[in-house]
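I have placed the structure first, in the form of structure tokens, so that the comments after it can refer back to it.
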Amino acid sequence: MTTAAPTQPPLDDLLAHIVRDDIRAMGAYHVSDATGMVKLDAMENPYLLPAMLREALGKRLADVALNRYPVPTADALRAQLKRVMHVPAGSEVLLGNGSDEIISLIAIAAAKPGATVLAPVPGFVMYAMSAQLMGLNFIGVPLKADLTLDREAMLAAMAQHQPAVIYLAYPNNPTGNLFDAADMEAIVRAARGPVCQSLVVVDEAYQPFAQHSWMPRLPDFDHLLVMRTVSKLGLAGIRLGYVVGHPKWIAELDKVRPPYNVNVLTEATAQFVLEHADVLDAQAATLRAERARLMAALSALPGVEVFPSAANFVLLRVADAAGLFEKLLKRRILIKNVSRMHPLLTNCLRVTVSSPEENVQFLDAFAASLQEAP
Ligand SMILES: *Cc1c(COP(=O)(O)O)cnc(C)c1O
């Protein structure tokens, strides 16, 4: 004998009952379909490894024990990163599944009731997003109109909001510029004393293109972390980020880290590529030279404002960013329209610096689109 099933509420009601309101209200992270496009929207390195190295990598990966869990401490890779990336003696390294994961770990570790994350805006979206997801407040301090750091506004906001964590991206995304070193230092110093008590995270995702770093300054500050990633360097697909700082900070973050967050294929690939770091360095040097060429060519076009860049992308302002973006799409060029990210970015576009061939394709399409009637 069967009993009648109790009437079930609609699934949407169940979702509303279970899932947080703020999460149901969110849009999903949008990634554009780039099939058949010249893809200049995501700051990827256009170059693969040379064929010989790819073959050798294939052999190396064939020997990886896929049946075993990773060694959670990843000692060999961390030691290699310390050597290759010139990590100062006395600093420790923690690995993440991309630096995106490290940003989440920091938010989890700092998520005391009422805690605040503070960063300049426009900035990297994950700082605000991780704060929201973990229940921290986020305070965005607007850059100046010329997109430089507003030191006074930062110090005032630090005094007012007493942030637990301050992010400074160096260079900044989506603006591309390196903040003034004296402004940065004033903020770092203020965060360990007179103004507030904060952890400062300097995000150096674009360090290979900037050639400036806070890494050598780590021994000077016990409240400073330097975060890097191999993504913009040519390994976005393997998802590996790392953060460096005082061993006491790293030890706390390590408690939050899922033990197997870096998989064995990522670990083996990173070790292999770091043995050939000269190849990545040469690619970065090519991209820096291409950046100079691209910026000069764009600056020569009428009605285009080109902002300074120390990253592998360039921020531009044009008369009609949305229109130009669409015209480029019709020419199979995908860049990023950042106009609506922040009022300071009105009519701004962001384009990744790529190979000489792709940069020429972009420049030709860009110039043609500019001339086309609206
Ligand atoms: C791309 C980017 C990251 C994220 O890097 P992943 O390691 O790929 O997660 C972090 N910070 C900034 C500023 C970035 O632009």
Label points 7 Å out from Cα along the Cβ direction at Leu301 and Ala236: separation in nm? 2.0
In Å and whole numbers, how far do the C-alpha atoms of region 164-299 stretch along each principal axis, longest first? 45, 43, 23
Taking the chain and counting helices only, DSSP H stretches of n ≥ 4 at -39,500 (n - 2.57) each over all residues, the nearest-500 ellipticity at 222 nm comes to -12500 deg cm²/dmol
Amide N proximity, region 258-282 versus Ser355 label position 7 Å along Cα-to-Cβ, cut-off under 18 Å: 279-282
How much net charge surrounds Phe325 when only the other residues with a Cβ under 12 Å from the Cβ of Phe325 are counted, with Lys and Arg +1 and Asp and Glu -1? +3
Spelling out what I want: for every residue of region 133-148, take phi, set θ = phi - 60°, compute 6.51 cos²θ - 1.76 cosθ + 1.60 (Karplus), and round to whole Hz; glycine and proline get x. 5, 9, x, 9, 6, 10, 10, x, 9, x, 5, 6, 4, 8, 6, 8
Name the residues whose placed amide hydrogens come within less than 5 Å of the amide hydrogen of Ala311, ignoring near sequence neighbours (fewer than 5 apart) on the same chain. none
Quick one: which residues, 5+ away or cross-chain, put their amide H under 5 Å from the amide H of Leu225? H built at 1.01 Å from N. Val200, Val201, Val202
Using θ = phi - 60° and the Karplus form 6.51 cos²θ - 1.76 cosθ + 1.60, what ³J(HN,Hα) does each residue of region 362-374 get, whole Hz, x for Gly and Pro? 4, 4, 4, 5, 5, 5, 5, 5, 4, 7, 5, 5, x
In whole Å, how far is the Cα centre of region 77-95 from that of region 222-251? 10
Ranked list, fewest to most other Cβ atoms within 10 Å of each Cβ, for His17, His161: His17, His161
Under 5 Å between amide H atoms, partner at least 5 residues away or on a different chain: which partners does Val141 have, H built in plane at 1.01 Å? Ala119, Val121
Taking 0.36 nm per residue of separation between His212 and Glu152 and subtracting their Cα-Cα distance, the length gained on full extension comes to 19.3 nm
Per-residue ³J(HN,Hα) for region 114-120, Karplus 6.51 cos²θ - 1.76 cosθ + 1.60, θ = phi - 60°, Hz, x for Gly and Pro: x, 5, 10, 10, 10, 7, x
Under 8 Å for C-alpha pairs, at least 6 residues apart: give me the relative contact order for region 37-161, rounded to a whole percent. 15
Rel. contact order, % - alpha carbon contacts under 8 angstrom, at least six apart, region 173-320: 27
Of all DSSP beta bridges in region 200-332, what percent run antiparallel (nearest 5)? 65
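For the chain, give the magnitude of the charge dipole about the Cα centre (Cβ charges: +1 Lys/Arg, -1 Asp/Glu; no others), in debye to the nearest 20.
Rounded to the nearest 20 debye, it is 260 debye.
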Given a cut-off of under 8 Å on Cα pairs at least six residues apart, what relative contact order in percent is computed for the chain? 22
Taking the chain as a Gaussian network, Cα atoms linked when under 10 Å apart, which of Val243, Val264, Val351 shows the biggest mean-square fluctuation? Val264
Once you've got the Cα coordinates, tell me which of Lys82/Lys336; Lys144/Lys336; Lys82/Lys255; Lys39/Lys248; Lys82/Lys144 are over 32 Å apart. Lys82/Lys336; Lys39/Lys248; Lys82/Lys144
If you restrict to DSSP beta bridges whose two residues both lie in the chain, what percentage is antiparallel, to the nearest 5? 50
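Laboratory data are not the source of any read-out in this text; all were calculated from the coordinates shown. Keep in mind that what you see is a predicted model, and the values were worked out from it rather than measured. All Cβ positions, glycine included, derive from the backbone under ideal geometry; neighbour counts span all protein chains shown.
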